[in-house]
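Enquirer: Below is one structure. I have some questions about it.
The values are calculated or read from the model by the stated rules, or taken from the named source; none is laboratory data. Not measured: the values here are computed from a predicted model. Positions of Cβ are generated from backbone atoms using ideal geometry, with glycine treated the same way; all protein chains shown enter the neighbour counts.
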Amino acid sequence: MTQPPQSSSGPLSPQYGAYGPGGMPPAGAPAPQGAPPAPAKKPSKAPKILIILGSVILALSVVIGVALAIVGFSGAVSTLDELEVFDSGSGTVTAEAGDSLQVYAEEGAPTPSCTVDGPAVGEGTSQDSNAGTNEATWVSVDSFTAEEAGEYEISCDQGPIAVGPPISVGGIFAGLGGIFLAIGGGALGFLLLVIGVILLIVRKRSA
C-alpha cells in the first residue's frame with residue numbers, strides 16, 4: 001500500500017522563508033533594518049518668549065506709569081499755583097469767559113458768606129476741593145463761573161480767603177493711575193522675566 005507523503009517539520013528553506021536552518025538568515029542576505037531614528041526634539045522657545053515679553057511689559061509699565069503720574073500730579077499742583085489769597089476776605093480776580101472759579105477758606109475756620117460781582121456771574125461747580133499749601137490748607141466754600149471775560153470782585157464777611165480754579169480731580173486720578181501702572185505692570189513684567197531666566201538656566205543645566 002502506498003504511504004502518503006510526509007510533511008517536513010524542519011525550518012523552511014531559503015526559497016520558502018526568510019530564515020534557513022537554525023533560524024539564521026541565509027549567507028549573503030542583508031540584515032533586517034531597524035526603525036529610523038526619531039528626529040531630535042527642538043528646544044522650547046517659551047523661556048525666550050517670557051524674557052522678551054517680561055522685559056517689554058516692565059519697560060513700558062515703568063515709563064508710561066511714571067510719565068502719567070508726573071503729568072497728572074503736575075496738573076493738580078498747577079491749580080495750587082493759581083490760587084490768589086486775600087487776607088481781608090475781599091479781592092478782585094481777572095477771568096476768561098468760561099472760567100470756573102472757587103472761593104476757598106482755611107480749613108477749620110468758620111465758613112464765610114461771600115458775594116461775587118462782575119460782567120456775567122454764572123452758576124458754579126458742585127465739586128468740593130481741598131488744596132494744601134505751605135501756609136495753610138484751603139477748603140472750597142463757594143464757586144462761580146465767569147460767563148464773560150473781565151474782572152470779578154469777591155467780597156466775604158471774613159477772611160482770609162483764596163480764589164482759584166477747582167482742584168483737577170482728573171489730574172489726581174491720572175497721577176494715582178500712573179503709580180499703580182508702574183508698580184503693578186512693572187511687577188508683572190519682572191515676574192515673567194525672572195521665570196524666563198530660570199527656565200533657560202534649568203534647560204541649559206539639563207542639556
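Rundown of residues vs (1) in a loop (DSSP other than H, G, I, E, B); (2) at positive phi; (3) in contact with a strand residue (DSSP E or B) (Cβ under 7 Å, 6 or more places away or on another chain), yes/no style:
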| position | (1), (2), (3) |
| --- | --- |
| Ala105 | no, no, yes |
| Gly108 | yes, yes, no |
| Asp128 | yes, no, yes |
| Phe144 | no, no, yes |
| Gln158 | yes, no, no |
| Pro166 | yes, no, yes |
| Phe173 | no, no, no |
| Phe180 | no, no, no |
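Enquirer: Restricting attention to region 130-142, which residues are in contact with an Asp or Glu (Cβ under 7 Å, 6 or more places away or on another chain) and either assigned to a strand (DSSP E or B) or touching a residue at least 60 places away in the same chain (Cβ under 8 Å) (or both)?
Expert: Hits for region 130-142 are Thr137, Trp138, Val139, Ser140.
Enquirer: Would you please name the residue that is nearest to Ile167 (Cα to Cα), looking only at residues in region 78-88 that are more than 34 Å from the chain's Cα centre (by Cα) and either modelled with pLDDT of 90 or more or surrounded by fewer than 16 Cβ atoms within 10 Å (Cβ to Cβ) (or both)?
Expert: So the residue we want is Glu84.
Enquirer: Another question, then. Identify all residues within region 45-58 that are over 11 Å from Leu193 (Cα atoms) and either in contact (Cβ under 8 Å) with a residue 60 or more places away in the chain or touching a His at 6+ places or on another chain (Cβ under 9 Å) (or both); write none if there are none.
Expert: Ala46
Enquirer: Still on this model: Given (1) touching an Asp or Glu at 6+ places or on another chain (Cβ under 9 Å); (2) free of Cβ contacts under 8 Å to residues at least 24 places away in the same chain, where does Thr115 come up short, assuming only one miss?
Expert: Here Thr115 clears every test but (2).
Matching residues to (1) assigned by TED's automatic domain parsing to the domain that holds Ser155; (2) at pLDDT 75 or above; (3) out of contact with any Pro (no Cβ under 8 Å at 6 or more places or on another chain); (4) surrounded by 18 or more Cβ atoms within 10 Å (Cβ to Cβ):
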residue	(1), (2), (3), (4)
Ile70	no, yes, yes, no
Val93	yes, yes, yes, yes
Gln102	yes, yes, no, yes
Asn134	yes, no, yes, no
Thr137	yes, yes, yes, no
